[in-house]
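Colleague: This is the structure I have questions about; it appears just below.
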Ligand code: SF4
């Protein structure tokens, strides 16, 4: 059986080379070739001697994840459906990666789990339940895949957001292993300023992340979506385990770097959490924090929530801005191909294009 090398750290690749009777530094050369140069065919890795390239070809797997289908949105975003390798006794699973180009930068939204156990009621991924955790290779592979696929359109700045399927802090070790490669200047070389991990509010995970070395820590975004515990309990059952006070306490003790602020995401669900009273309560909750708010008007999908009206969105935004809270309205991209927040669980029906059905359930 071939050894899977994509997603292995520098130390792991060194160890593998040593186990093959090669000097450890060959592992460093392979690490560079894979993550910095993005070479996945051993034949192209000319920094390695011929014999090592042969061994890689025969014994290792360096392949990027496959794309089952891709959907191009009218706004330029591309949504990739990526089937995971099937494992015995597990449901087949397809994850999603979204590439969103803009003039000066591109953003890649990646999944960290197949499905999700957190059960946020406004999220289509939740309807899948948790299928399984992704490996570090499957996480890193999504970014490499999006970069390779869009090579012609790359601009200097790449943002990565861990906001696709899954709760990243419930797949902690593998997510951190992937981030180690992503944020390593010798690896993929992204700056922590351009990598954002979004959580539903897993307090022990936030505390654990707080203890990581600053160079290995992404920015932190918290999916808030409510202005009180009863309201949050209703749409995010995780709030019963980690209610607002505990969550905001964890945010208060989180060691922000000088340039950093916490991001709070607030999906505006029409008629549910979009009143002026909600806005005032959110301002009070976040006042003690160095924070900004992204308001995300609800995307029409298969779930029974309403889109907020333009007046409600603007009213909500204005109250926050007047109180000095940095606030931005983010209209999700890729809505026409269900690539937007909370929609990553639908595929276009092959038998009747234009209609969408849930995946993997
Ligand atoms: S919003 Fe995120 S954490 Fe909540 S169910 Fe969906 S994928 Fe899971």
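Here, each number is a calculation from the coordinates, and none is a lab measurement. Since the model is a prediction, treat every value here as computed from it, not as a measurement. Ideal geometry is used to build each Cβ from the backbone, glycine not excepted, and the neighbour counts take in all protein chains shown.
Colleague: Looking at the range 1-102, what % of its DSSP beta bridges pair antiparallel, to the nearest 5?
Modeller: Numbers: 10 of 12 bridges.
Once the DSSP bridges in the range 1-102 are tallied, antiparallel ones form about 85 percent.
Colleague: Normalized C-alpha radius of gyration of the chain, against 2.2 N^0.38 Å? Provide the component values of the computation, followed by the final result.
Modeller: On the way: Rg = 21.1 Å, N = 361, 2.2 N^0.38 = 20.6 Å.
In units of the 2.2 N^0.38 Å rule of thumb, it is 1.02.
Colleague: I've got another one for you. Suppose the chain between residue 228 and residue 148 were pulled fully straight at 0.36 nm per residue; how much longer would it get relative to their current alpha carbon spacing? Don't jump to the answer; show the numbers that get you there.
Modeller: Values: separation 80, 0.36 × 80 = 28.80 nm, distance 4.35 nm.
That pair, residue 228 and residue 148, stretches by 24.5 nm at full extension.
Colleague: I've got another one for you. Ordered by packing density, taken as the mean number of other Cβ atoms within 10 Å over each peptide's residues, highest first, how do 177-188, 22-33 rank?
Modeller: On the way: 177-188: 20.3, 22-33: 18.4.
Result, highest mean first: 177-188, 22-33.
Colleague: Distance between the C-alpha centers of the range 54-84 and the range 172-208? Whole Å please.
Modeller: Each part's Cα centre sits 21 Å from the other's.
Colleague: Follow-up. With a Cα-only, solvent-free Debye model of the range 173-283, what are the log10 I(q)/I(0) values at q = 0.15, 0.16, 0.20 Å⁻¹?
Modeller: Calculated log10 I(q)/I(0) at the listed q: -0.69, -0.77, -1.05.
Colleague: Give, in nm to one decimal, the length gained when the segment between residue 157 and residue 215 is fully stretched (0.36 nm per residue of separation minus the Cα-Cα distance).
Modeller: Working: separation 58, 0.36 × 58 = 20.88 nm, distance 1.81 nm.
Going from the current span to full extension adds 19.1 nm.
Colleague: If you don't mind, another one. What order, most packed first, do the peptides 75-87, 117-129, 253-265 have when packing is the mean number of other Cβ atoms within 10 Å of each residue?
Modeller: Put in order of decreasing packing, that is 117-129, 75-87, 253-265.
Colleague: When DSSP assigns beta bridges and you keep just the ones with both residues in the chain, what percent turn out antiparallel, to the nearest 5? Please report the intermediate quantities before stating the final value.
Modeller: Values: 21 of 48 bridges.
The antiparallel proportion sits near 45 percent.
Colleague: Measuring from label point to label point, each 7 Å out along Cα→Cβ, what is the residue 58 to residue 310 span in nm?
Modeller: With each label placed 7 Å out from Cα toward Cβ, I get 6.7 nm.
Colleague: What does the convex hull of the Cα atoms of the range 141-235 come to per residue, in Å³, rounded to a whole number? List each step's numbers first, then the result.
Modeller: On the way: hull volume 11.7 nm³, N = 95.
Once divided by residue count, the hull of the range 141-235 is 123 Å³.
Colleague: Would you work out the relative contact order for the chain, in percent, from Cα pairs under 8 angstrom that are 6 or more residues apart? Please list the in-between numbers first.
Modeller: Details: 694 pairs, mean separation 52.1, N = 361.
Worked out over the chain, it gives 14 percent.
Colleague: Still on this structure, I have one more. Relative to the longest principal axis of the C-alpha atoms of the chain, give the angle of the C-alpha long axis of helix 50-59, reported between 0 and 90° and rounded to the nearest 10°.
Modeller: Around 60 degrees separate the two axes.
Colleague: Something else now. Grab the beta carbon distance between residue 67 and residue 173, set R0 = 25 Å, and tell me the FRET efficiency rounded to 0.05.
Modeller: On the way: r = 27 Å, r/R0 = 1.06.
My answer for the efficiency is 0.40.
Colleague: Add -39500 (n - 2.57) for each DSSP H run of 4 or more in the chain, then divide by its residues: what number comes out at 222 nm, to the nearest 500 deg cm²/dmol? Mind dumping the intermediate values first?
Modeller: Numbers: 11 runs with 104 residues, N = 361.
That comes out to -8500 deg cm²/dmol.
Colleague: Right, something else. Pairing the Cα long axis of helix 136-149 with the longest principal axis of the chain, what angle in degrees results, from 0 to 90 and rounded to the nearest 10?
Modeller: So the inclination is approximately 90 degrees.
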